[in-house]
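Asker: Dropping the structure in here first, questions after.
All of the numbers you see were taken from the coordinates with simple rules; none came from a lab. The shown structure was predicted, so the numbers you read here are calculated from the model rather than taken from an experiment. Methodologically, a virtual Cβ is constructed for each residue, glycine included, from the backbone with ideal geometry; neighbour enumeration extends over all protein chains shown.
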Amino acid sequence: SQQGEEDPQALSIQEGENATMNCSYKTSINNLQWYRQNSGRGLVHLILIRSNEREKHSGRLRVTLDTSKKSSSLLITASRAADTASYFCATYQGAQKLVFGQGTRLTINP
Amino acid sequence: GAGVSQTPSNKVTEKGKYVELRCDPISGHTALYWYRQSLGQGPEFLIYFQGTGAADDSGLPNDRFFAVRPEGSVSTLKIQRTERGDSAVYLCASSLTVTTGELFFGEGSRLTVL
């Protein structure tokens, strides 16, 4: 079962622009994580935001969390061609079962 | 090793055959996960191990799927009587502890059932 759902399913922007992806989830959470997956590769952890945090930064990444709306957003600033990938949000169902959404496929055009 | 290692990277088999997929987690990681990912979809949870025991196997689709981790390190996902619908990328991930932290993924094993 899917816990998080990303929006949009696909996003295509020009290099240098900002990319924003959204994630909605259904149940209460302790934290929410974002992962990146390059084509044909495994997933790579990007950032974790705890339920008592509203915003977190890591380099060009900015993540927000609104627990009242059960939603999160991932912003990538000054996008680069190397940012082309699929991005997934993930939350825990219960203590240990990490469940992923369907992902947003991001394409950065040079 | 430095990261999670999965073998084989690609496996082509015929319908009805038996398949084993291996995962070697990061040394010292006690938690190990198996996921299945179809094209264009997110990873689908299959099973989670804490040490040697399967703490949550609720994602295994049916009794043709089985996974073991006998010594608390390497894990093997076993699929009996493979069907074409089993074709997917099988991802393994490990985590340092049982706490709700980040997972480290392998590159996956791509299974194709003809």
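Asker: Going by average Cβ density within 10 Å per residue, which order do the peptides B:9-19, A:26-36, A:75-85 take, highest to lowest?
Answerer: In decreasing order of mean packing, B:9-19, A:26-36, A:75-85 become A:26-36, A:75-85, B:9-19.
Asker: Run through all the Cα pairs of chain A and give the fraction in each 5 Å bin from 0, expressed as whole percent.
Answerer: Pairs per bin, as whole percents: 2, 13, 25, 25, 19, 10, 4, 1, 0.
Asker: State log₁₀ I(q)/I(0) for segment B:57-114 at q = 0.24 Å⁻¹ as given by the Debye formula over alpha-carbon point scatterers of equal weight, solvent excluded.
Answerer: -1.19
Asker: Exactly which GluC sites (Glu not before Pro) in segment A:14-101 are in a DSSP loop and have at most 16 other Cβ atoms within 10 Å?
Answerer: A:Glu15, A:Glu17, A:Glu53
Asker: Quick one: net charge around B:Tyr90, please, counting Lys, Arg +1 and Asp, Glu -1 for every other residue with C-beta under 12 Å from its C-beta.
Answerer: Net charge in that neighbourhood comes out at +1.
Asker: Still on this structure, I have one more. Provide the net charge surrounding B:Thr52, with neighbours chosen by a C-beta distance below 9 Å and charges set as Lys +1, Arg +1, Asp -1, Glu -1.
Answerer: That sum, taken over residues with Cβ under 9 Å, equals 0.
Asker: Determine, at each q value in 0.07, 0.16, 0.17 (inverse angstroms), the log₁₀ of I(q)/I(0) that the Debye formula gives when each Cα of the protein assembly as shown is one equal point scatterer.
Answerer: Computed log10 I(q)/I(0) values: -0.22, -1.09, -1.20.
Asker: Quick one: divide the alpha-carbon radius of gyration of segment A:1-45 by 2.2 N^0.38 Å and tell me what you get.
Answerer: Its radius of gyration relative to the 2.2 N^0.38 Å reference: 1.37.
Asker: If you bin the C-alpha pair distances of chain B every 5 Å from 0, what whole percents do you get?
Answerer: Per 5 Å bin, starting at 0, the Cα pair percentages come out as 2, 13, 24, 27, 19, 10, 4, 1.
Asker: Using a 7 Å offset from the Cα along the Cα-to-Cβ direction at both B:Thr30 and B:Leu96, what is the distance between the two label points in nm, to one decimal?
Answerer: Each label point is offset 7 Å from its Cα along the Cβ direction, giving 1.3 nm.
Asker: Additional query: What distance in nm separates the simple spin-label points at B:Ser38 and A:Glu17, each placed 7 Å from Cα in the Cβ direction?
Answerer: Inter-label distance under the simple model: 3.1 nm.
Asker: How shielded is A:98-107 by partner chains, expressed as the average number of their Cβ atoms within 10 Å of its Cβ atoms?
Answerer: Neighbouring Cβ atoms belonging to other protein chains average 4 per residue here.
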